[in-house]
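Trainee: Before I ask anything, here is the structure I am working with.
Bear in mind these aren't lab numbers, they're just calculated from the coordinates by the rules spelled out. Small disclaimer: the values here were computed from a predicted structure and weren't measured. Here Cβ is always computed from backbone atoms with ideal geometry, including for glycine, and neighbour counts include all displayed protein chains.
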Amino acid sequence: MSTLNILTDTTPEPRQRLPKWLKRPLPEPGMAFTSNVIEDLKLVTVCESAKCPNRTECWSHKTATLMILGN
């Protein structure tokens, strides 16, 4: 009886890290404050309507763009 040795590389490739320009910082405490104010006052923001990807950055600085007389 003969033995057949098959060499296979079954080790997974290491995951590549995201480039620095693609990483986003975690939201700061100001984000929760702004979100609570907007929710409590039942305001409609352009950020939410447009599903803005930079919302966390603006809201962390306690700023928001509001819609007046519109939807």
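Trainee: Go through the range 14-60 residue by residue and tally those that are assigned to a loop (DSSP other than H, G, I, E, B), touching a residue at least 12 places away in the same chain (Cβ under 8 Å) and surrounded by 12 or more Cβ atoms within 10 Å (Cβ to Cβ).
Mentor: 4
Trainee: Which one is farthest from the chain's Cα centre (by Cα), of the residues in the range 41-62 that are charged (D, E, K, R) and within 17 Å of P29 (Cα to Cα)?
Mentor: K62
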